[in-house]
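Laboratory data are not the source of any read-out in this text; all were calculated from the coordinates shown. Keep in mind the model is a prediction, meaning the values are calculated, not measured. Here the Cβ positions follow ideal geometry from the backbone for every residue, glycine too, while neighbour counts run over all protein chains shown.
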Amino acid sequence: MTLASPLPLVGVPACIRDLGEQPFHVVGDKYLRAISEGAGALPLLIPALGEAIDVELLLSRLDGLLITGSPSNVEPRHYAGPPSEPGTLHDPARDATTLPLIRAAVDRGVPLLAICRGIQELNVALGGSLHQQVHEVPGLMDHRDRDEDPLEVQYGPAHAVDLSLDGVLARLTGQKTLTVNSLHGQGIDRLARRLAVEATAPDGLIEAVRVADAPGFALGLQWHPEWRFRERPDSVALFAAFGAAVAEHARQRR
């Protein structure tokens, strides 16, 4: 009798959130479900402990990495940006965890999928910068959702994106354009040199990227494909491709 191979492990860095009077390390359920049910892998929460984490040792035990969205924004000091507006939510412990983790994962060829805040972290980790208030930039749309709307509206179709014809997303989905949701206030300003554009919004804002020189799967999306991913063929294809890359990495690692 032979034992089945263990599920591949996908690391998911957590955010710090105060619940009551104490801080907790948290990850949204929808990301974990998409990894488990869409990519066929086991999600493993990574606490936001910053320098206390041995990044190389951690990555030697992982088969993939998913960087989630979050209400917080990357601190602008990480890309030499101006101070944030008063009241902007930051998560310095998450920044201290994700930025070095992303760089190391890309260099090691660990499959990487970065969503919403994640694509912004990917760009910053590799040397790019961000618009802190996209809606205040001349020529750009307001890409934010409204907190008072029900979730179905917040995560509903917002605008089209044009896919790069030679890109990974066009190949995976078989499409030239996609209609996506939009729930972000920040966005990519200066694109990191190692990144290539995968999709753009009608106003020209970069909506998806790939790491051009990555030895493995490495994509970032500004929208939320994990939201009810089973209802969208493009999201199903994306998580299946991520899962295949994760499974292959697990096979090679073992």
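Miscellaneous remarks
- Ala244-Phe24 pseudo-label distance in nm [points 7 Å out on the Cα-to-Cβ vector]: 3.7 nm
- All Cα pairs of the chain, percent lying beyond 32 Å: 16 percent
- Footprinting exposure proxy ranking of Tyr79, Tyr31, fewest other C-beta atoms within 10 angstrom first, gives Tyr79, Tyr31.
- Length released on extending from Asp203 to Asp142, taking residue separation times 0.36 nm less the Cα-Cα span: 21.0 nm
- Between Arg190 and Ala80, full extension at 0.36 nm per residue minus the direct alpha carbon distance yields a gain of 38.4 nm.
- Here region 154-195 and region 211-233 have alpha carbon centers that stand 9 Å from each other.
- Taking the Kirkwood radius as Rh and the Cα radius of gyration as Rg, region 117-254 has a ratio of Rg/Rh equal to 0.97.
- Between Gln22, Gln175, Gln186, the residue with the greatest mean-square fluctuation in the GNM of the chain (Cα pairs under 10 Å linked by springs) is Gln22.
- Cβ-based net charge around Asp142, under 12 Å, with every Lys or Arg adding one and every Asp or Glu removing one: -1
- Residue with peak Gaussian network fluctuation, the chain [Cα springs, cutoff 10 Å], from Ala160, Ala52, Ala125: Ala52
- Dipole check for region 110-254: with +1 at the C-beta of Lys and Arg, -1 at the C-beta of Asp and Glu, and the Cα centre as origin, the magnitude is about 800 Debye.
- Span-like helix criteria (full DSSP H runs; alpha carbon extent of at least 20 Å along the helix axis; mean Kyte-Doolittle hydropathy of at least -0.5) are satisfied in the chain by 92-108, 233-253.
- Gyration tensor verdict on region 162-239 (Cα atoms; rounded if a/c is under 1.5, prolate if a/b is larger than b/c, oblate otherwise): oblate
- Rounded to whole Hz, the Karplus (6.51, -1.76, 1.60) HN-Hα couplings of region 192-205, x for glycine and proline: 4, 4, 7, 9, 10, 6, 9, 7, 9, 7, x, 8, x, 5
- Likely footprinting exposure, Leu172, Leu221, Leu89, fewest C-beta neighbours within 10 Å first: Leu89, Leu172, Leu221
- Exposure proxy for Thr179, Thr97: other Cβ atoms within 10 Å of each Cβ, ordered fewest to most, give Thr179, Thr97.
- Every Cα-Cα pair of region 9-99 was included, and the share exceeding 21 Å stands at 37 percent.
- Amide proton proximity set for His131, modelled H, under 5 Å, gap of 5+: Gly187, Ile188, Asp189
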